[in-house]
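> I have a structure I would like to understand better, so I am pasting it below and will then ask my questions one at a time.
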Amino acid sequence: MKAARFDYIRPASVGDAIASLGSTGAKPVSGGQSLGPMLNLRLARPSVLVDLARLSDLRAVRESDGGVHFGAAITHAEFEDAIHPDPTNGILSKVASGIAYRAVRNRGTIGGSLAHADPAADWPTVLLALGASVEIMGPRGKRTSTIDDLIRGAFETSLDADEIITSVFVPRLSSGARWAYVKSCRKVGEFAESMCAILVDPANGVSRIVIGAIERKQIIGNTREAVSDPDWAINALAAAGLGDDPATNRLHRATIARAIHDLQLEGADA
Amino acid sequence: MTAVTLILNGTPVTADIEPRTHLGDFVREDMLLTATHLGCEHGVCGACTVLIDGAPARSCIAYPVALDGCQVTTLEGLADDPVMAQLRDAFSEHHALQCGYCTPGMLIMARDIVLRLPGASEETIRDQLAGNLCRCTGYMGIVKAIETVAASRLGLAPVVTRGLRGPDRPVDPFLKSTGQLAAPTPTAEPASPVAATVALEPLVNPVELSQSFTVPAEPDVVFALFQDPARVIACLPGARLSEPSEGKTLKAELAIKLGPISATFAGKGTLSSDPVTRSGVIDGRGEDSRSATRVRARLSYTVASDAPGTTRVTANVAYVLQGPLAQISRGSIARDLANRMTESFAKNLAASLTSGNAQPDATQAPLDAGGMVLTLIKSWIARLFGRSSG
Amino acid sequence: MTVHSPLPSKGIGASVRRKEDDRLTRGRGRFVGDMKFPGQLEAAFVRSTVAHGLIRAIHIPASIKAQAFTHADMVGVKDILARTGLPGFRVSEQPSLATGKVRFVGEPIVMVLAASRAEAEDLAESISVDYEELPANVDMLDAVKPGATLVHDHWSANVFLESYFEHGFDADGLARLDAAPIKVTREIRTSRQCMSPLEGKGCIAQFDRHTEQLTLWTSTQMPHIVRTGLSDVLGIDHRKIRVVAPDVGGGFGWKGLLQPEEVCCAWASLKLDRPIKWLEDRREHLIAAANCREHHYQVTAYADADGHLLGLDALAHVDAGSYSVYPFSACLEGAQVVSNLPGPYNLPAYRCRAYSVCTNKPPIVPYRGVARTGVCTTMEWLMDAIAREAGIDAREVRLRNLVSAGQMPFRSITGKDFDGGDYPESLRRAAEMIGHDAIRLRQASPEPDGRKIGLGYAIYCEQGGHGTSVYSGWGIPMVPGIEQAAARLTPDGTLELRIGNQSHGQSMETTLAQIANEVLGIDPGLVNLIHGDTAMTPYSTGTWGSRSAIVAGGAVATACEKLGERIIRIGAHLLQEKPEAVRIAGGEVVCGAKSVTFREIAATWYLKPQNLPADVDPDGLELTAGYKAKADTGTFSYATHAALVAVTPDTGNVEILDYVIVEDGGTLINPAVVDGQIYGGTAQGIGTALYEEMTYDGHGTPLASTLADYLLPGANEVPHMRVAHMETPSPITRFGQKGIGEGGAIAPPAAIGNAINDALAGLGVELSVSPMSPKRIRDAVLAAERGNA
């Protein structure tokens, strides 16, 4: 199938982009790796695409004591190849290398992934676990949001139609931080059917576990509880209204158990 | 059409291109460069892989209009490339192709692998090839051929390309297309009027769910509200009456939105009720004309007194969805989201009742990802796009 | 001049590089989508969104009436009919555009033409169809129940054909079976699949005023049959139709039929006098062409206490979809289920009833390994069930039942004539290669990572290149006969071969050049194969049924031999020797130390006839010759597949740790090409085993319209395979070659399924549905746990 007609604007600045997004049916696009298929299948039918991929403000990387601000248009391949400062000791690179395929990673961006808010995508779950936040620009100026506040549900964010994510801030992990990330996919590069990310960073008071790929907003919990209570996962899924199918539960439990196992192999005192 | 200049296989090319034309179609149809093959046009199979600013990318989900000033290289443009020559030779030597349809995309990906990962192992190569499907060879020859060339580069410095991005390329300030967005869409002939459905057809194999909730009003008040199509519809996120209703039939639209996808189901319905049992049925059917997807839905309700001054509403929803938007895999998300839709309806109903006669905001935006129809689309999207992002 | 080339052979048995590769690795192939004609229009189809319904109205905006066509416009175009000669077969009439009724989601209703596909799709969106829906027959087992809504109103039941075979089930036989110490009964299901060649179907139709011919360039496996079918349906003489298959991007059976869209494009090109192009996109393919492999078996195997088979009793259903496709019909699959279920085993008693069921799904088309994937899966899963029941190893129970080398040539219980080989030996070798005994030892203790490992075997035989006597019994529109090839020595001494078969990835340009080399000594690089063009090649039923190497190979050999006789006569004259004194070697005619090249001989014939002998045969250096097999019952290649898997019970994930194939394909013309066919077929079989499945909702709506829903195995999902060959020449073919094109796709679901069940046997789990997806495995493990609790 071929895409339905749309118009195209490449704004010169973030301000222009926001102004362009004010028109009815306008839709921002960055790497376009999720939007492109939907355009071709005529499922997405924007009146106009506003291209953010080349905005220099969205390409900047700024390091501070507390962490690193990554421009929203930084690609997965750039993370994979670790060409920018990394506050996570390699976590970002490792995660990026598992997103889809290299040809997709060359164009897909971190900001686009967050704005798309696919519950089975890697970045939302991982950045939730890392305690990241985003900077958002809109007609009313700049605001900052945690990823937790940004993501409301599957494919649903708190972004207004004329707001864009300009950067993602990833806080610096302490040297004692421990990490585990497990996802289960039927095929390499395909969508995950279950995923779990765990960050334990005692120096920063963090002990976070995130369950993703559950076709609703990710579940965020406390790692200590997850480790000490064998029924934690089941209860958390049930509380989220996802307790129906035993076979699906079994997969989530297995993924969470493996993540906890990997974390303990890392020597963490959860 | 938009004037775009690409450096195509090393030569600047300027062309008027519709924004919707993807790069694969552009090089094949307009430039007659047919090495680039289209296998799925939704970014999965990899047959259309080309180099954009030196890095492999799917040409079926890249649009020339967004690539102004970029370098695009197809297999034809690598005819004299020494690494490609080595790969061509290895592909033939190891019988890495049969029908040859995936081969151009495979070779372009292979070139990136051997350049980026000299000495790559079989396991690494298989992993790196995940995005390029071959239906003939079982990958044995392909993997072996790439392994051989990668091995020959062992010790050489990796050559990593990611494609140039943003500021390192001159930007045409506020490039705006002159696309013919307003191209006239032929208008459908007026359909012959169809008599309002009287007897309710049974729904075959519907998706069913039910919810029960209380609202702060007397049963008679609640039941009365259900007899007023304008107020009922106003409680449904994204719905509006398309013309005034006389109370027994209605014409309405339901707009739904899921990320970048939106659909508008226009249709009609009938209302029937029994004041004695304070129950009723609202039955409707509609179609999203652009996607030719049809929905039939039925809301059966009963209202009964609960605690003093409150009423318990029991709502059973059943629906059937058919057409392109239904041609998807379904997941556990359905019930969750359909319940959210009902929850939202209950909330609006309560608001409508507590604020006296004031109706909920009739112009409210469709509940993002809140429509029942979306529950079906959503898991499909998860499958389709869960792999990628941004 | 030396005539014996020291160079390695380029003939039979040599893994020469493919002649096709240079153009294809440069992206210089020409596929139908690469072709473009001035003034061409592209087609998009409005397709049914309901599985079963009456068309009440089609609303086409007045402004596009000249670009949108329905069945009513196609006056005089006949329905596509694929009858059979089998008693009781019900005939379906398939209109190229639906009229009155739609019978599956995706059935074309309106053809819309515009300058580009995108514009055609824009216009198609403005057309709407009103349906009165009918209950859809989604599950074949429901479709045959009394009271099911009929797919074809004038039929008495939703059944194309009931096939039946019985031997040894008389009263005595039944009594014996009743007393059998081992009886295993299973219900086995294989899911509906979509063949998914990477290139979809596509065609361009154009009327050529000069030749007064309608030319259809189409992505097909059988140009001559498409021509015959078009001639019937359009009512136009064959002489006015030319069908050309350019490079074809894989077929696997999907390109072996006359398609309604081809008829529509051909009709429109005549009507509008414009080239009409249609390319099937992936979404269309997945929705409208999910068309194979859906079987259901209710089956009981009887064995003695030592695991010797005593009998097999089966009831099979094949979901044949809504129409009988031209030319293979809706019965091929079901009939082959009956005749092939016993596989390569000694079986004293056998009974099978198979229904080819008509449902509201796309019509079934024979996919690589037609029917045999389902029957091999069923038989091999049963063999493992017997082994478990008898407490005998899976390898051993097979060795006790396989047809042995000493029984060859062997006639099976259903009358299949096995042409030779040593089936038990292929199993023994496979077991050795995969390390059977070491695996059994390893299974005695738990894996350190908690996974369960399992070993599975599957053996099959693949009838290939079978001909007239087999197909005439079915009476389908196309019965293969004598295959022909044309050979022409050109004036410069190079060779043109023309065959009616069609290569769509099978390397025939190379392997047939190797056969020419074997016969004439000519370098394969000097041989050009012309195929896929009805105007230039002898009639052929095309490429299907693992037949091309046998029949096209045989025909090319015959043509080259006859051409060689003529070359020798002229060569002998030029050498001033008697024909008996000279021979052909290395592309020359040789006598002792003297030789004359083909080039000199050809130049003499064409350009210097004054140098020819006075009594020269005027038939020249161009001829058409035919090949008739010594027996047309087909070759029987066979193989053992052995799979070692690791299963994670908690996730249901399966990893194939090792995969071994021991194949007997007879004489190998090009071993690398044969290996390629085996690897590729096996990869598709892995898709069948673990990934590929078209699911439908209760209304018959297909639920996988993208490759993110319908999973094709990638490089990670297909393991490194190890192949070993036994080469028992077939006594009935020209060089002893056997058909091997389909075999790889037959055994993997059987072998992998057995391996998974072996791995999970300790948990009390036995799966009997393919694909064995992680979800199905988790469900089965959970069910077993509940049962054990």
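> Give me, ordered by chain and number, the residues 5 or more places off A:Asn222 or on other chains with an amide H under 5 Å from its own placed amide H.
Those qualifying (amide H under 5 Å, at least 5 residues apart or on another chain) are A:Ile209.
> Can you tally the net charge around C:Ile55? Count Lys and Arg as +1, Asp and Glu as -1, for every other residue whose Cβ sits under 15 Å from the Cβ of C:Ile55.
On the way: positive: B:Arg294, C:Arg47, C:Arg56, C:Lys101, C:Arg103; negative: C:Asp73, C:Glu107, C:Asp130, C:Glu132, C:Glu133, C:Asp153.
Surrounding charge for C:Ile55 is -1.
> If you put +1 on each Lys and Arg Cβ and -1 on each Asp and Glu Cβ, how big is the dipole of chain C around its Cα centre, in Debye rounded to 20? Display every interim value, and only then the final one.
Details: 74 positive and 92 negative charges, 214 e Å.
Around 1020 debye, computed over chain C.
> A further question follows. For C:Lys78, list the aspartates and glutamates whose Cα falls under 18 Å from its own Cα; do not include residues on the same chain fewer than 8 positions away.
Straight-distance partners of C:Lys78: C:Glu93, C:Glu107, C:Asp232, C:Asp237, C:Glu261, C:Glu262.
> Once phi is turned into ³J(HN,Hα) by the Karplus curve 6.51 cos²θ - 1.76 cosθ + 1.60 with θ = phi - 60°, what whole-Hz value does each residue of the range C:482-493 show in order, with x for glycine and proline?
In residue order, the calculated couplings are 7, 8, 10, 9, 10, 10, 9, 7, 7, x, 8, x Hz.
> A follow-up question, please. Taking amide hydrogens as modeled 1.01 Å from N in the peptide plane, which residues meet the under 5 Å criterion relative to C:Leu347, leaving out close sequence neighbours?
Those qualifying (amide H under 5 Å, at least 5 residues apart or on another chain) are C:Ile413.
> At q = 0.05, 0.07, 0.09 Å⁻¹, what log₁₀ I(q)/I(0) does a Debye calculation on the Cα points of the protein assembly as shown give, no solvent, two decimals?
Relative scattering, expressed as log10 I(q)/I(0), comes to -0.40, -0.79, -1.33.
> Going down the list C:Lys255/C:Lys775; B:Lys251/C:Lys361; C:Lys416/C:Lys562; C:Lys65/C:Lys271; C:Lys36/C:Lys201; C:Lys36/C:Lys361, which pairs span over 22 Å between their C-alpha atoms?
Details: C:Lys255/C:Lys775 32 Å; B:Lys251/C:Lys361 34 Å; C:Lys416/C:Lys562 33 Å; C:Lys65/C:Lys271 14 Å; C:Lys36/C:Lys201 16 Å; C:Lys36/C:Lys361 33 Å.
Where the Cα-Cα span goes over 22 Å, the pairs concerned are C:Lys255/C:Lys775; B:Lys251/C:Lys361; C:Lys416/C:Lys562; C:Lys36/C:Lys361.
> Could you give me the ³J(HN,Hα) list for the range B:150-156, computed from phi with Karplus coefficients 6.51, -1.76, 1.60 and θ = phi - 60°, whole Hz, x at Gly and Pro?
Result, ordered by residue: 4, 5, 5, 9, 4, x, 7 Hz.
> Students often get this wrong: which residues of the range C:296-329 have the backbone nitrogen under 18 Å from the point 7 angstrom along Cα-to-C-beta of C:Asp170?
Within reach of a label on C:Asp170, which here means backbone N under 18 Å from a point 7 Å along Cα→Cβ, the range C:296-329 contributes C:311-312.
> How large is ³J(HN,Hα), in whole Hz, for each residue of the range A:6-15 in order, when computed from phi with the Karplus curve 6.51 cos²θ - 1.76 cosθ + 1.60 and θ = phi - 60°, using x for Gly and Pro?
Result, rounded to whole Hz: 8, 9, 9, 10, 10, x, 8, 8, 4, x.
> Which shape class, rounded, prolate or oblate, goes with chain C when its Cα gyration tensor gives a ≥ b ≥ c as root eigenvalues, a/c under 1.5 marks rounded, and past that a/b bigger than b/c marks prolate? Walk me through the numbers before you get to the answer.
Details: a/c = 1.90, a/b = 1.16, b/c = 1.64.
Since a/c reaches 1.5 but b/c is at least a/b, the shape of chain C is classed as oblate.
> Hey, can you grab everything whose amide H is under 5 Å from the amide H of B:Cys45? Only 5+ residues off in sequence or another chain; H modelled, so Pro and N-termini drop out.
The answer is B:Cys40.
> Would the range A:179-265 count as rounded, prolate or oblate if I go by the C-alpha gyration tensor, calling it rounded below 1.5 in a/c and otherwise prolate when a/b exceeds b/c, oblate otherwise? Working shown, then result.
Working: a/c = 1.79, a/b = 1.30, b/c = 1.38.
Note, shape of the range A:179-265 comes out oblate.
> Cross-link candidates for A:Lys142: which lysines have Cα within less than 20 Å, leaving aside residues fewer than 8 places away along the same chain?
A:Lys27
> Compute the separation of the alpha-carbon centres of the range C:263-328 and the range B:1-74 and state it in Å as a whole number.
Using only Cα atoms to place each centre, the spacing works out to 36 Å.
> Also: About the Cα centre of the range C:174-245, how large is the charge dipole given +1 on each Lys and Arg Cβ and -1 on each Asp and Glu Cβ? Please answer in debye to the nearest 20. If you can, show how the numbers build up before the last one.
Details: 11 positive and 7 negative charges, 54 e Å.
Charge dipole of the range C:174-245: 260 debye, to the nearest 20.
> Note down the magnitude of the dipole of the protein assembly as shown about its Cα centre, charges +1 on Lys and Arg C-beta and -1 on Asp and Glu C-beta and zero elsewhere, to the nearest 20 debye.
On the way: 137 positive and 161 negative charges, 172 e Å.
My answer is approximately 820 debye.
> Here's something else I'd like to know. Please enumerate, by chain and number, the lysines with C-alpha under 16 Å from the C-alpha of A:Lys94, excluding those fewer than 8 residues away in the same chain.
Reachable lysines: A:Lys183.
Laboratory data are not the source of any read-out in this text; all were calculated from the coordinates shown. Bear in mind the structure is a predicted one, so any value in this text is a computation, not a measurement. As a convention, Cβ positions derive from the backbone with ideal geometry for all residues, glycine included, and neighbour counts pool all protein chains shown.
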